[in-house]
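Student: Have a look at this one before I ask anything.
The values are calculated or read from the model by the stated rules, or taken from the named source; none is laboratory data. Computed from a predicted structure; not experimentally measured. Here the Cβ positions follow ideal geometry from the backbone for every residue, glycine too, while neighbour counts run over all protein chains shown.
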Amino acid sequence: MIRILMTACAAAALASCAATPAEDAAPPRAAHQAAPGGQTTGYLTASAMSGKDILPGPPPAGSAYDIADRANYDATRSLEGSARWKLAQQDNDLWQGGALKRFSCAMGREVNATQTPVAWKLLHKIELDVRTLGTPAKNHFDRKRPALGNDKPICVPREPWLATNASYPSGHSMVAWAWALILTEAAPDKADALLKLGQESGDSRVVCGVHYPSDVEAGRVLAAGMVARLHAEPAFNADLAALKRELTSAPPASGCGV
């Protein structure tokens with residue numbers, strides 16, 4: 001597999017992403033917070049796909065890609081406190097609405113638990129599928145997070161999960177890319193904005209300092225395969241059809257900034 005090196009100069013360019021944070025965005029939450037109460041489950045079982053067999057694994061220690069990954073972590077620490085840093089904190093917030101607000105704004109339609117409950121439930125079931133499929137791959141490759149072994153700034157609190165939840169592949173990147181692909185299918189006229197945001201949200205994990213670029217790349221690869229696999233599930237297809245119907249009457253997105 002051909003890997004693209006991301007240099008420190010390219011890392012600095014992350015600060016110039018065009019997305020605008022929502023006004024009065026929710027405060028950042030812990031990256032691995034528990035899901036809301038209830039009996040919500042995903043669509044897939046762990047046997048549906050094998051991330052450890054699909055992915056090539058993280059770059060070998062000392063390789064050019066590994067060196068570039070680590071240089072990228074060092075370079076992006078300078079983004080602390082910037083507008084791009086704050087977007088990364090919002091993208092971190094999967095369950096409390098911060099990340100979905102960004103997708104609502106990209107799509108131009110509200111996605112929340114009260115006004116579009118079908119969309120909200122489907123997208124969060126996808127997040128649970130990411131856990132189901134991504135965690136075994138994380139455990140298999142067991143790559144350590146870039147923030148370990150140093151005290152450089154990261155955009156979330158330094159908590160025990162940083163040491164116990166492996167870095168490769170990036171689960172948040174899986175979620176963002178899967179959401180972007182699914183919402184693009186539901187709202188194809190917004191494909192450009194949604195797919196751009198899906199990439200930016202993955203890049204946010206690098207800005208945040210909790211993943212390397214190769215972790216993000218792996219997350220996108222596994223997410224694309226997961227979305228393809230989901231289309232073999234009748235329950236997913238039924239919910240996707242319902243989501244498309246719901247979006248036709250969903251209210252316009254609000255609080256999206258200038």
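Student: With respect to the numbered conditions (1) at pLDDT below 95; (2) part of a loop (DSSP other than H, G, I, E, B); (3) touching a helix residue (DSSP H, G or I) at 6+ places or on another chain (Cβ under 8 Å); (4) more than 30 Å from Ala238 (Cα to Cα), which one is the sole condition not fulfilled by Pro58?
Tutor: All conditions are met except number (1).
Student: Considering every residue within the stretch 134-143, establish whether at least one is over 25 Å from Leu44 (Cα atoms) and basic (Lys, Arg).
Tutor: Checked against the condition, which is being over 25 Å from Leu44 (Cα atoms) and basic (Lys, Arg), the stretch 134-143 yields no hits at all.
Student: So if I check each of Asp192, Asp215, Asp129, which one is over 25 Å from Glu80 (Cβ atoms) and buried (at least 20 other Cβ atoms within 10 Å of the Cβ)?
Tutor: After applying the criteria, what remains is Asp129.
Student: From the list Gly108, Gly98, which residue is on the phi > 0 side of the Ramachandran plot and surrounded by fewer than 24 Cβ atoms within 10 Å (Cβ to Cβ)?
Tutor: Exactly one of Gly108, Gly98 is on the phi > 0 side of the Ramachandran plot and surrounded by fewer than 24 Cβ atoms within 10 Å (Cβ to Cβ), namely Gly108.
Student: Against the definition (over 18 Å from Asp69 (Cβ atoms) and more than 14 Å from the chain's Cα centre (by Cα)), how does Pro136 come out, yes or no?
Tutor: So Pro136 fits the description; yes.
Student: Considering (1) in a helix (DSSP H, G or I); (2) out of contact with any Ser or Thr (no Cβ under 8 Å at 6 or more places or on another chain); (3) not charged (D, E, K, R), say which one Gln115 fails and leave the rest.
Tutor: (1)
Student: Return the residues of the stretch 61-93 that are part of a loop (DSSP other than H, G, I, E, B) and without any contact (Cβ under 8 Å) to a residue 40 or more places away in the chain; say none if nothing qualifies. Walk me through how you get there before you give the answer.
Tutor: Looking only at the stretch 61-93, we keep the residues that are part of a loop (DSSP other than H, G, I, E, B), and these are 61-63, 80-82, 93.
Hits for the stretch 61-93 are Ala61, Gly62, Ser63, Gly81.
Student: Got a number for residues in the stretch 69-120 being under 30 Å from Pro58 (Cβ atoms), out of contact with any Lys or Arg (no Cβ under 8 Å at 6 or more places or on another chain) and acidic (Asp, Glu)?
Tutor: 2
Student: Within the stretch 172-181, identify whether any single residue is under 29 Å from Pro59 (Cβ atoms) and in a loop (DSSP other than H, G, I, E, B), and answer yes or no.
Tutor: Here is the first cut: in the stretch 172-181, the ones under 29 Å from Pro59 (Cβ atoms) are 172-181.
From what is left, the residues that are in a loop (DSSP other than H, G, I, E, B) are none.
For the stretch 172-181, residues under 29 Å from Pro59 (Cβ atoms) and in a loop (DSSP other than H, G, I, E, B): absent.
Student: Identify, by number, the condition in (1) modelled with pLDDT of 95 or more; (2) over 15 Å from the mean Cα position of the chain (by Cα) that Asn112 doesn't meet.
Tutor: The single condition Asn112 does not satisfy is (1).
Student: In the stretch 220-258, how many residues are in contact with a Phe, Trp or Tyr (Cβ under 7 Å, 6 or more places away or on another chain), surrounded by 16 or more Cβ atoms within 10 Å (Cβ to Cβ) and in a helix (DSSP H, G or I)?
Tutor: The number of residues fulfilling the criteria is 4.
Student: Any idea how many residues of the stretch 23-55 are surrounded by 18 or more Cβ atoms within 10 Å (Cβ to Cβ) and modelled with pLDDT of 95 or more?
Tutor: 6
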